[in-house]
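**Q** Let me give you the structure first, and then I'll get to my questions.
The values are calculated or read from the model by the stated rules, or taken from the named source; none is laboratory data. Keep in mind that what you see is a predicted model, and the values were worked out from it rather than measured. Please note: Cβ atoms are built from the backbone with ideal geometry, for glycine as well, and neighbour counts cover all protein chains shown. Areas reflect the complete protein model, heavy atoms only, side chains present, ligands, DNA and RNA absent. Shrake-Rupley method; radii C 1.70, N 1.55, O 1.52, S 1.80 Å.
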Amino acid sequence: LPILVRRFDIPFMQYLLVPELVVLLFYALAGYLLFAALFVGLGATVEDMSSSGNFQGLVFMIPWLPMFVLGPVINNPEGTIALFGSYFPLTTPGIMLIRLAIMDEWPWLQIGFSSLILLVSIWLLMKLAGKIFRIGILLYGKNATPAEIWKWLVQ
């Protein structure tokens with residue numbers, strides 16, 4: 001990048017280092033933490049890699065949920081689908097990054113509300129993943145069925 005700046009005299013740093021970058025980085029980091037907690041919780045329910053194939057397809061599709069509604073969000077970033085995706089925790093990071101990238105005026109109230117929902121969801125998923133890990137791996141060390149996982153969570 002420094003070579004490109006010197007060679008082509010493009011002042012991209014003034015466009016990159018803006019206050020809005022903090023919000024975008026928050027959503028990216030929060031999305032990482034959300035999905036990491038989800039994957040740890042589901043990974044703790046299987047004994048080895050060969051038995052994880054049952055969950056693998058479904059689990060790896062969850063981060064791609066925002067791409068299924070990409071068209072309506074781009075066409076109307078203030079529409080119902082975009083607002084629902086902004087408040088549904090599994091789609092919040094992706095939808096908010098898309099919305100904020102294409103909007104001229106940022107809806108700060110919606111940003112605050114979706115951030116709060118996302119942070120609470122991360123905290124809950126981390127608590128649940130820790131509980132599943134503690135019971136599933138440390139106590140039993142065997143593959144778990146969905147009914148057993150539910151029983152562990154309500155204990």
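**Q** Tally Lys and Arg at +1 and Asp and Glu at -1 over the other residues with C-beta under 13 Å from the C-beta of residue 85: what net charge comes out? Provide the component values of the computation, followed by the final result.
**A** Numbers: positive: 99; negative: 78.
Net of charged neighbours comes to 0.
**Q** For the stretch 23-36, just list the computed ³J(HN,Hα) in residue order, Karplus coefficients 6.51, -1.76 and 1.60, θ = phi - 60°, integers in Hz, with x standing in for Gly and Pro.
**A** Taking θ as phi minus 60°, the curve returns 5, 5, 5, 4, 5, 5, 5, 5, x, 4, 5, 4, 6, 5 Hz for the stretch 23-36.
**Q** Leaving ligands, DNA and RNA out of it, work out the accessible area of residue 20 with a 1.4 Å probe and give it in Å² to the nearest 10.
**A** 80 Å²
**Q** With Cβ to Cβ distances under 14 Å as the rule, what net charge do the other residues near residue 100 carry (K, R +1; D, E -1)? Mind dumping the intermediate values first?
**A** On the way: positive: 99; negative: 20, 78, 104, 105.
My count for the surroundings of residue 100 gives -3.
**Q** If you plug each phi of the stretch 9-14 into the Karplus form 6.51 cos²θ - 1.76 cosθ + 1.60 with θ = phi - 60°, what whole-Hz ³J(HN,Hα) values come out, in order, with x for Gly and Pro?
**A** Values, residue by residue: 6, 9, x, 6, 5, 5 Hz.
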